[in-house]
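Encoded as structure tokens, the structure appears first; notes follow it.
Bear in mind that the values in this text are calculations on the coordinates, not laboratory data. Given the structure is predicted, the values throughout are model-derived calculations rather than measurements. Neighbour counts run over all protein chains shown; Cβ positions are idealised from the backbone, glycine included.
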């Protein structure tokens with residue numbers, strides 16, 4: 001059983017387009033061994049063209065958060081309970097990990113940053129690692145969630161036995177671009193093809209590519225905010241970093257520019273050399 005999810009962030013319209021397209025052309029899909037379902041994750045935020053109503057839905061799926069008392073929860077926390085009941089469960093009342101109703105959850109996302117096609121899979125999930133390797137497109141990046149325990153993962157795709165997130169950019173929020181839809185669908189159909197062939201014991205042999213840049217997420221580089229508006233940055237990303245996702249940043253390299261035009265350099269707080277992702281992401285303002 002496969003669930004394809006769009007609209008986890010309500011203003012990321014590409015995923016919503018893709019699940020609507022699947023429903024429109026379901027009879028043409030060539031994966032008879034798969035039980036395919038679609039889910040619009042955050043309908044309220046989608047109708048409002050907002051990333052979320054109260055809090056980020058894609059941070060609400062750890063077992064710790066799912067077990068919170070129901071009183072006065074934000075909208076996305078309540079919706080996470082509903083989604084977990086549809087796709088999961090992640091855990092039983094007796095704290096025993098439960099077999100979920102869904103074998104694979106595919107969550108479709110976009111970013112305003114120049115991430116290209118990025119496949120995000122859980123650490124230690126051999127099946128999803130093989131699925132990512134099967135795509136094998138030269139301009140694809142593969143990232144791993146560094147949380148081996150499913151119960152600790154906060155993302156929506158962790159509701160299933162296996163989770164797979166497709167992230168494509170750049171595209172503005174609330175915008176549908178044909179080329180971004182095509183890239184998303186290509187990655188999605190590659191995964192579905194892999195799962196279908198696996199069910200038929202027909203997955204071809206291949207060599208997994210070694211990690212090009214091994215490492216782990218060391219943290220977030222935050223900027224200061226305007227004193228009168230916490231949503232407005234007090235500094236901007238230096239032009240040398242814009243659209244340079246996955247490129248290295250070294251101590252002394254330009255990082256921010258202030259209102260006075262002064263350049264703030266990277267101080268090495270996360271290591272002498274780091275690789276940046278989600279550079280100047282609009283959803284993080």
| field | Rounded Å value of the spacing that divides the Cα centres of segment 25-70 and segment 141-198 | value | 12 Å
| request: Per residue, how big is the convex hull around the C-alpha atoms of segment 90-182? Give it to me in cubic angstrom, could you? | output: 115 Å³
| message | List residues of segment 54-72, by number, whose backbone nitrogen lies under 17 Å from a label position 7 Å along Cα→C-beta of residue 222. | response | 56
| task | Just grab the label-to-label distance for residue 257 and residue 242, each label 7 Å out from Cα along the Cβ direction, in nm (one decimal). | result | 0.7 nm
| remark: Computed, not fitted: 222 nm per-residue ellipticity of the chain from DSSP H runs ≥ 4 (each -39500 (n - 2.57)), nearest 500, equal to -7000 deg cm²/dmol
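Defining a contact as two alpha carbons under 8 Å apart and six or more residues distant in sequence, what relative contact order in percent does the chain show?
Working: 554 pairs, mean separation 54.6, N = 285.
Rounded, it is 19 percent for the chain.
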| If you take every DSSP beta bridge whose two residues both sit in the chain, what share of them, in percent to the nearest 5, is antiparallel? | 40 percent
| request: Note the angle between two axes, namely the Cα long axis of helix 75-87 and the longest principal axis of the Cα atoms of the chain, as a number of degrees from 0 to 90, rounded to the nearest 10. | output: 30 degrees
| note | Per the rule of 0.36 nm per residue minus the C-alpha distance, extending residue 139 to residue 201 adds in nm 19.5 nm
| said: Computed from the coordinates I sent, volume of the Cα convex hull per residue in Å³ equals one of (i) 186; (ii) 148; (iii) 174. Tell me the label. | reply: (ii)
| For segment 116-134 versus segment 218-282, the gap between their alpha-carbon centres in whole angstrom | 28 Å
| What angle do you read, to the nearest 10 degrees and between 0 and 90, between the alpha-carbon axis of helix 178-199 and the longest principal axis of the chain? | 40 degrees
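Please compute the length gained on full extension between residue 281 and residue 103, using 0.36 nm multiplied by the number of residues separating them and subtracting their Cα-Cα distance. Can you show the working numbers first?
On the way: separation 178, 0.36 × 178 = 64.08 nm, distance 3.07 nm.
Stretched fully, the residue 281-residue 103 segment lengthens by 61.0 nm.
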| field | Computed E for residue 44/residue 182 - FRET, C-beta separation, R0 25 angstrom, nearest 0.05 | value | 0.30
| note | If the chain between residue 21 and residue 69 were fully extended at 0.36 nm per residue, the gain over the current Cα-Cα distance would be 13.6 nm
| note | Counting only DSSP beta bridges fully inside segment 20-174, the antiparallel percentage to nearest 5 is 30 percent
| task | Report the paramagnetic label zone for residue 232: residues of segment 242-285 whose backbone N is under 17 Å from a point 7 Å from Cα along the Cα-to-Cβ axis. | result | 257-261, 285
| message | Treating only the Cα positions of segment 235-284 as identical point scatterers, give the base-10 log of I(q)/I(0) from the Debye formula at each q in 0.29, 0.32 Å⁻¹. | response | -1.20, -1.28
